[in-house]
Amino acid sequence: MAGFLQQVIEGLGAGAIYASLALALVLIHRFTGIVNFAQGELAMFSTYVAWQFTAAGLPFWAALPLTLAVSFAGGMLIERVVIRPVEGAPELTVVIVTVGLFIFVNAAAGWIWSFLIKDFPNPFPGGAVEAGGLSVSHSTLGVLAVVGAVMGLLYLLFRHTKMGLGMRAVAADPVSARLVGVRVGRTLALGWGLAATVGAVSGVLVAPLLFLEPNMMGGVLIYAFAAATLGGFDSPGGAVLGGLVVGVAETLAGAYVGFVGSDLKVGVPLAVILCVLLLRPQGLFGRAAVERA
């Protein structure tokens, strides 16, 4: 039993990272209806920015707020320059634009910082907390605390600030929001900036566990898509819960399903996506689209 609980704890740590990137996907989808295939690459680019600050001599916790500020500004700029010109275009056009953004950001990171692997500092101390035969690393506890803090701050933003109210109004009905005086264009840019900031948190959390290189978020993006699909693309809370579920499912499958092991764990999120799309396309907490004939 202790071994099973240990695997669950490790799965929650991994799932929290998937949840943070899934949360960024859901934020953009709620505000714009766009599934941003470049979200992982934007997180990767932000992680390189954080690495550059630390390489210049800044401690991690001083570099992090600067990185988040750069990510926020970059997200707003991308919305204004890349996304807004195709606003209202067919869905396939928007998909192609985000895929093109994926390729561009990946290539830009490789051109600026090279494709050589780099070490990224771990913001959390080594060691673990031992209790009842279980071991919880400080890194796992730190990741869970950071993702919980992000969720708490987003809740306060959306529920108790004027900007959050405007964002909720635009997400619900941009036409009506514009009629009551909400500046929809600026709000959409803020939404992209906010999503880029949350994605940056995911990047700096996953980089110490992997090696920093331009393709590091490719696998994480698959898990984040599975988390967002499971929880629902219009439910931030569902995305976080979906990330935790996917993380635990992946860890348990790797530990207890013989043919999965460590090589086929990527099949778990793909299976989750397929099952959800077949059984409940809107996800566990999403709302099904209803159209009147």
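Restricting attention to region 203-243, the residues being surrounded by fewer than 22 Cβ atoms within 10 Å (Cβ to Cβ) and part of a helix (DSSP H, G or I) number 5. If the condition is being farther than 27 Å from residue 34 by Cβ, among the β-branched types (Val, Ile, Thr) and either in contact with a Pro (Cβ under 8 Å, 6 or more places away or on another chain) or open to solvent by less than 30 Å² (accessible area, probe 1.4 Å) (or both), then region 244-281 contributes 248, 251, 260. The set of residues in region 158-186 being open to solvent by less than 40 Å² (accessible area, probe 1.4 Å) and touching a residue at least 12 places away in the same chain (Cβ under 8 Å) consists of 166, 167, 169, 170, 171, 182, 184, 185.
Kindly provide the set of residues from region 75-112 that are of a type in the set (Gly, Ala, Ser) and touching a Pro at 6+ places or on another chain (Cβ under 7 Å), ordered by number.
First, the residues of region 75-112 that are of a type in the set (Gly, Ala, Ser): 75, 88-89, 100, 107-110.
If the condition is that a residue be of a type in the set (Gly, Ala, Ser) and touching a Pro at 6+ places or on another chain (Cβ under 7 Å), then 109, 110 are the ones that fit.
Selection over region 119-147 of residues that are small (Gly, Ala, Ser) and either assigned to a loop (DSSP other than H, G, I, E, B) or under 18 Å from residue 203 (Cβ atoms) (or both) gives a count of 7.
In region 116-126, how many residues are closer than 17 Å to residue 41 by Cα and open to solvent by 30 Å² or more (accessible area, probe 1.4 Å)?
Filtering region 116-126 down to residues closer than 17 Å to residue 41 by Cα leaves 116-118, 120.
With the extra rule that they be open to solvent by 30 Å² or more (accessible area, probe 1.4 Å), the set shrinks to 116-118.
Selection size over region 116-126: 3.
The values are calculated or read from the model by the stated rules, or taken from the named source; none is laboratory data. Nothing here was measured: the structure is a model prediction, and the numbers come from that model. Note that we place each Cβ from the backbone using ideal geometry, even for glycine, and neighbour counts take in every protein chain shown. Side chains are part of the model used for accessible areas, which takes the heavy atoms of the whole protein and leaves out ligands, DNA and RNA. Shrake-Rupley method; radii C 1.70, N 1.55, O 1.52, S 1.80 Å.
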